[in-house]
Amino acid sequence: MSSSSSSSSSSSQDGDGGNGRGGGRGGDFEGPSSSRRRAGDSNWPEPIVEALASQVAIDAARSLGRLAAAPALVNLFQVCSTWRAVSRSDLLWLNLTRSIWNRHNLLHATWHDEYVFRHRTARNFRTSRYAYDTLPFVPSPDHDDNDDGGLSCRRLALSDQHLAAGFSDGSVRLFKLPSRIHHYTFRPLSRDRMGQFSRAVSGIILSDTRLVFASRHGDIHVALTNNATPVRRSHMGDAFRDGVLVDFSGCSRWWVGLYAGVPDRAFHVRDADTEELLFVGGGLTNPESVMGWRLLVDVTEFVGRVRITSQESVVACTSLRVIVLDLGNPGLVLREEEILPGLIVGSVDASDAAFVIVDTRGTASVRRANTLEELCGFNVSGASQRNVLGCMNPGYALMCAGGVIRAWEIDNGVYCYSFRERIGEATAMVADDRYVAASTSDTSVHLWDFGAQ
């Protein structure tokens, strides 16, 4: 594993959101000067000071970016010893970690430690400081390359503890993070195939305890990440009735499949707990029926994309249209827009309440999901060749073209940097607030870890 950084140290003005000297994680605050003391400061009740601190941090994050919250808190805590004492409230850091970093699981000793880790990791994203590794894949002995035309990774998914890679033979490899160790290989239950790539993985939903993966012929399988029970088929697909499952996405509440090949059955929405089918309908992919059927014999096509946002809505697209559905009422289209001269479907991704698209001229647009309002735009070189693959996390849009991954801030569209590693032809990409992963045509999986060092 190699470690790479554009700067060996970070500016102290970012702070660490802790009870240290601005940029430090430990240590004490410097004593406030007498000119900064105000009568009555120490008489404020602690709950009021805590509420004030929370509001100051959230306002700074909204107006100046999430990294601005920590230095704003540092300034507030220096008012007096009573206000500084609030910095030791774990409830404060719990609320701030959830509000600013949208993190709800405690992975460190305290919520203060969790906040500091998220802040430092976000700063690493800004400064291109990461550890890079590859997870080379060796086909299993029972894999027959002549049978399905060679193995290719088609989907990637991340959770806090795992990376899942779904392949063209229908299998899913699960790696443990951050150790990079390949733990298990999950295989779908066998059935007759409709085409060379009918069992190729079309989507993965991953948590630290459960893995859900779907195949192009429509089968959905469920497994536990600890491999404690055998893989279970949740749903047996019927491509003649529904079409080909071109993409599959979800969260803890919903599973959403995007189909092409049969008119007016584009969306299938299921309850993630009961696995019950709640809705079938929509004509988004009606014009792409032929392309949908071709996926059974062509592993490289991108017909459509579907993603779930944090606002309980679905963003879905084909090469010409983007629509937003309300998950509370799946038949309701919240927004719809035709995109000319057309979209590069593989570039589309969503994170939180925003999504990114790139058209065939290389113009990228970050939109607010439920309104389609543009938040920023930028240009992706090489996009006219239709070979751009993209993903995004809460802070950055990442695009791979010509084997080079480039990053832009989604708040303002500012170009940040290019990853130093050239990876070749990418087949899948995924990102969260710590990791970026990409697979390539040689079946390698590349992993960049921006976690606080």
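The numbers here are math on the coordinates, done by the rules we state, and not lab data. Keep in mind the model is a prediction, meaning the values are calculated, not measured. Note: ideal-geometry Cβ built from the backbone for every residue, glycine included; neighbour counts use all protein chains shown.
Here are some notes:
- Estimated inter-spin distance, Thr300 and Glu275, nm [label 7 Å along Cα→Cβ]: 3.6
- Working from label points 7 Å from Cα in the Cα-to-Cβ sense, the Asn387 to Ala228 distance is 4.6 nm.
- With the highest mean first, a sort of the peptides 224-235, 122-133 on other beta-carbon atoms found within 10 angstrom per residue produces 122-133, 224-235.
- Rounded to the nearest 20, the size of the Cβ-charge dipole of the range 130-449 about its Cα centre is 260 debye, with Lys and Arg at +1 and Asp and Glu at -1.
- Projecting the Cα atoms of His112, Pro71, Ala57 onto the charge dipole of the chain, computed from C-beta unit charges around the Cα centre, puts Pro71 farthest toward the positive end.
- Computed on the chain, with alpha-carbon pairs under 8 angstrom and 6+ residues apart, the relative contact order is 10 percent.
- Leu320 long-range amide H proximity, modeled H, under 5 Å: Leu343
- Among 68-77, 241-250, the peptide with the highest mean count of other Cβ atoms within 10 Å heads the list, and the full ranking is 241-250, 68-77.
- Two-site FRET efficiency, Asp90 against Lys176, from Cβ-Cβ distance with R₀ of 35 Å, rounded to 0.05: 0.80
- Acute angle (nearest 10 degrees) that the helix 46-64 long axis makes with the longest principal axis of the chain, alpha-carbon atoms: 50
- Radius ratio Rg over Rh of the chain, counting only Cα atoms, Kirkwood formula for Rh: 1.01
- The range 356-453 shape via C-alpha gyration tensor axes, a/c threshold 1.5: oblate
- Distance histogram in 10 Å bins (all Cα pairs of the range 300-370, percent per bin): 22, 55, 21, 1
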